[in-house]
Structures are given as structure tokens and as C-alpha cells.
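Asker: I am attaching a structure below and will ask some questions about it afterwards.
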Amino acid sequence: MKVTVVGAGAVGASCAEYIAIKNFASEVVLLDIKEGYAEGKAMDLMQTASLNGFDTKITGTTNDYSKTAGSDIAVITSGIPRKPGMTREELIGINAGIVKSVSSSLIEHSPNAIIIVVSNPMDTMTYLVHKTTDLPKNRIIGMGGALDSARFKYRLAEALGAPISDVDGMVIGGHSDKGMVPLTRLATRNSVPVSEYISDERLEQVAADTKVGGATLTGLLGTSAWYAPGAAVSGLVQAIACDQKKIFPCSTLLEGEYGLNDLCIGAPVVLGRNGIEKVVEINLSDAEKAKLSESAEGVKKTNGLLEL
Ligand code: NAI
């Protein structure tokens, strides 16, 4: 299993590290445009192999796509992250050009790869890859919901005073502060709805804190987060590489599911060796449907900024 990660910055390197530590891939190639940067990150990571006990071979390259040839999975993290006070949507101008050229170079050398898009604004960047390549929809996956759901579980556990392994919850919709739809009604602690334990007001606060989870970290760090994003990407890569058939909320091209069309937005999907093997349609309440359709409007507005 060969995995390429484009962008050896904060998220790309974290993702490569988690993939290596989980020890399921034979090879990870890090590629960056910055001279020597990916090579340096790869060497540093390889020097953790004997300490962390993994056999994955990590190599780095400065923009030489021939080194990525034959990748089974390719992750796109190249582009600029937001600074405090910025929205993800403000990154579109620079990141659209980067994502378009990177995806085309990746596919040229790895025509069978499954592409995972991470660069922001992620739903729109995922849509861009659909519009500018001829890959089938099962092989284009946007990572956002897996991270947002992990942040939701963190906030739920905090509100409940429970260990995180006790709670379950999912965030669907667009990967933006306004567009996320944390499914509070369906969140559980050991199969019991969390609403049995905490007030509606507290649950609404959990949802609100989840939606600004990225912005909160950007305020603290001065740039966007990397550990949880890297771990979330590695979870998707592992589900595909090991054909796990796990369900994650991912940005996917909807064609009528949830009453939505012609956009990529977060919905629960089954991930296996063929990438997105199924979009799962869960029964949403009228209020949840309204939030999802409002979120879709926001994503479509950002998509409208693309020069296709
Ligand atoms: P970073 O600045 O640390 O790393 C980005 C890397 O991309 C840099 O090393 C840069 O040299 C490289 N790069 C730029 N243009 C390139 C090109 N044409 N080819 C190859 N490499 C190129 O940024 P960070 O924090 O790693 O974030 C990366 C992206 O991921 C940002 O757009 C950020 O907003 C997004 N992100 C998305 C998340 C999600 O849940 N979808 C979560 C966190 C970040």
C-alpha cells in the first residue's frame, strides 16, 4: 500500500506520522514545493521508526511526482492555512490553483489512486477535483466531518464529565464554522441519548463550541491545528487501505441523497478499498434537514467563486 501526502506542512506531516505509527502502509511519500522540506520531514520521521516501532518507509521529494507513481491513495494538504480571524472560505483564491494543479499531477502518475482532499475550503476544493478531473465519485473524498465529529465527541465528553470512549456523535454538512451540523439528537453515551444527561441548553453550547472548534484552535495557535486533522486523515486512509467498511462523515458528491445535488458536502459514507462505497442516508428531523440545506446553500455560494 503506497500513500502519497502532498504538502509536508503541519497537517501533511502529522498525517504521515499517524499513518506510519499505525503500521498498515508499506510506503508513504511526502511531496512539497518547498526545496528540501519534504525530504527533511521524511528523514526526521524515519528516525522515529525504531523508537515508535513501525516499518512504513517514509520518503520525501521536492515536487518530483515520478516518486509518487503508483500510489493507491493520495492526500492533498498543500495550500495555505487560515490565520486567526480568517474563515476557511477566504483561502479559496490561492488554494484552488494549488489543488487543481496538484490533483492533475497526482493522477498523471497514479491514475488509479483514491484522492483525499484536505485543503480548505475543503468542500469546495473537493468539488473542484470533481469538476477538473474525470475520476469517478467514489475516488474523491473530502476530509472534514471526521475531524469535526472528533471535536464534537471531545466537547460531549467534557459536558458529560465522561471518558471520550463512552460517547458517540457525528457532524455532517459543510466543513465551515456556520455550515457544520452536529447531530445532537443522535449523540449517545453508551447507547443512551446524551439529552438524558444534560440540558438542551448545554447540548446547544456543545454544538456551538464544536462548530468553532477550528477557529478556537487557530486563535490559540496562530495557525490552524494539525494533530487532530492528521489523525482524522489517517483514519480515512486506514479504512480504505484495510478495506474496513467503516462509516465516517466525508465530503462527497451528492446526486439526490438528502435532496441535494451538484455539490460536495459532509454526509456519512462507508469507506473501503473502493473509496466511498456507499452514501448512508439517515433519517433526519425537519430541523436537521433545514440546517443541512442551509449549509448546502453556503457551500454552493463558495463553489460559485470557483473559476471553472
Ligand atoms: P502548512 O502551511 O503548514 O503546510 C502547507 C504546505 O503545502 C507547505 O509546506 C507548502 O510549502 C505546501 N505547498 C504549497 N503549495 C504547494 C504545491 N503547489 N505543491 C506542493 N506543496 C505545496 O499548512 P497546514 O496547516 O498543513 O494546512 C494545510 C491545508 O489544510 C490548509 O489549507 C488548511 O486550511 C487545511 N486544513 C484542513 C483541515 C480539514 O479538516 N479539512 C484541517 C486543518 C487544515
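Asker: Scan the chain and note any complete DSSP helix (H) whose C-alpha atoms cover at least 27 Å along its axis and whose Kyte-Doolittle average is -0.5 or more.
Answerer: For the chain, where a helix must reach 27 Å along its axis and average at least -0.5, there are no hits.
Asker: Then there's this: For the range 145-304, what class follows from the C-alpha gyration tensor (a ≥ b ≥ c being the square roots of its eigenvalues): rounded when a/c is under 1.5, otherwise prolate if a/b is larger than b/c, else oblate?
Answerer: The shape class here is rounded.
Asker: Give me the dipole magnitude in Debye, nearest 20, for the range 145-304 about the Cα centre, with unit charges on the beta carbon: positive for Lys and Arg, negative for Asp and Glu.
Answerer: Details: 16 positive and 20 negative charges, 71 e Å.
Rounded to the nearest 20 debye, it is 340 debye.
Asker: Let me ask you something else. Can you give the helix-only mean residue ellipticity at 222 nm for the chain, where every DSSP H stretch with n ≥ 4 adds -39500 (n - 2.57) and the sum goes over all residues, rounded to the nearest 500 deg cm²/dmol?
Answerer: Numbers: 10 runs with 126 residues, N = 308.
It lands at -13000 deg cm²/dmol.
Asker: To continue, here is another question. Taking 25 Å as the cut-off for C-alpha to C-alpha distance, list the pairs among Lys83/Lys211; Lys178/Lys246; Lys131/Lys153; Lys83/Lys278; Lys41/Lys137; Lys34/Lys100 that go past it.
Answerer: In this structure, Lys178/Lys246; Lys131/Lys153; Lys83/Lys278; Lys41/Lys137 exceed 25 Å between Cα atoms.
Asker: Right, here's the next one. Rounded to a whole number, what is D in µm²/s for the chain from Stokes-Einstein with the Kirkwood radius over alpha-carbon pairs (25 °C, 0.890 mPa s)? Intermediate values should be presented prior to the final figure.
Answerer: On the way: Rh = 19.4 Å.
D = 127 µm²/s.
Asker: Let me ask something else about it. Would you mind pulling out the separation of the Cα centroids of the range 115-185 and the range 7-62, in Å?
Answerer: Computed from Cα coordinates, the inter-centre distance equals 24 Å.
Every number here is computed from the coordinates shown, using simple stated rules; none is lab data. Just so you know, these numbers come straight off a predicted model, no measurement behind them. Because the Cβ atoms are built from the backbone with ideal geometry, glycine has one as well, and the counts that use them run over all protein chains shown.
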